[in-house]
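Visitor: What follows is a structure written as structure tokens; I'll ask about it next.
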Amino acid sequence: MRSFLLIATIATTPAYADLYRWVDPQTGSVKFSSYPPPWFGQPALELYAPATEVVVYRPPGAPKPAPEAPKPSTASAIIAALETRFASLTQFFSALPSTTDFSRAGSGIQQQLEAYQAVAAELDRLDPAGAARRRQQEAGFIETLRRGLEAQFKK
């Protein structure tokens, strides 16, 4: 008896079946079945019947792999795009006059500053070797922003 149970346990395999999905023409409801509808596979009947979708069985797979680090060519393209954005933001802040009225500028300057901080943080993460160079570039406009804020609050 034990040998029979052992053989039966080993011999059984999981059942894999495709599902068929279609909209019932009489009720308008969506139907799922492991058996195809009567018109499936018969071209003459399929002309006037609703479309049938075959949902193919996919066995459960291994866990999803962790996302890969960007490829060198992709990483360099991302860094180049971020450097371009960083340069345009640096130019924007460098061009601000020291007498800029930050209260009248609205949230635009704050949004630009937040974008600058996000781009700088991402560049520091992807290209830590260039962090010192970027800090030197920002020194000029940080002073401009400081003077502008001082001028605004002295009024």
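The values are calculated or read from the model by the stated rules, or taken from the named source; none is laboratory data. The structure displayed is predicted, hence computed values, not measured ones. All Cβ positions, even for glycine, are placed from backbone atoms using ideal geometry, and neighbour counts span all protein chains on display. With ligands, DNA and RNA removed, areas are computed over all heavy atoms of the protein, side chains included. Shrake-Rupley method; radii C 1.70, N 1.55, O 1.52, S 1.80 Å.
Visitor: Using beta carbons and a limit of 9 Å, which pairs, at least six apart or on different chains, have the first residue in segment 109-128 and more than 10 Å from Leu82 (Cβ to Cβ) and of a type in the set (Ser, Thr, Tyr) and the second one in a helix (DSSP H, G or I) and open to solvent by 60 Å² or more (accessible area, probe 1.4 Å)?
Guide: Going by the 9 Å Cβ cut-off, the qualifying pairs are Tyr116/Arg85; Tyr116/Phe92.
Visitor: Can you work out which of the residues in segment 1-33 that are small (Gly, Ala, Ser) and assigned to a helix (DSSP H, G or I) is modelled with the highest pLDDT? Talk me through it step by step, then tell me what you get.
Guide: Initial filter on segment 1-33 (small (Gly, Ala, Ser)): 3, 8, 11, 15, 17, 28-29, 33.
Applying the additional criterion that residues be assigned to a helix (DSSP H, G or I) yields 3, 8, 11.
On the way: Ser3: 66, Ala8: 55, Ala11: 55.
Among residues in segment 1-33 that are small (Gly, Ala, Ser) and assigned to a helix (DSSP H, G or I), the one modelled with the highest pLDDT is Ser3.
Visitor: Among the residues of segment 100-130, what is the count of those that are modelled with pLDDT under 85, open to solvent by less than 50 Å² (accessible area, probe 1.4 Å) and of a type in the set (A, V, I, L, M)?
Guide: Qualifying residue count for the region: 2.
Visitor: Still on this model: Sort out which residues of segment 50-94 are surrounded by 10 or more Cβ atoms within 10 Å (Cβ to Cβ), at pLDDT 75 or above and part of a loop (DSSP other than H, G, I, E, B), and write them in order of number.
Guide: Within segment 50-94, Pro50, Thr52, Tyr57 qualify.
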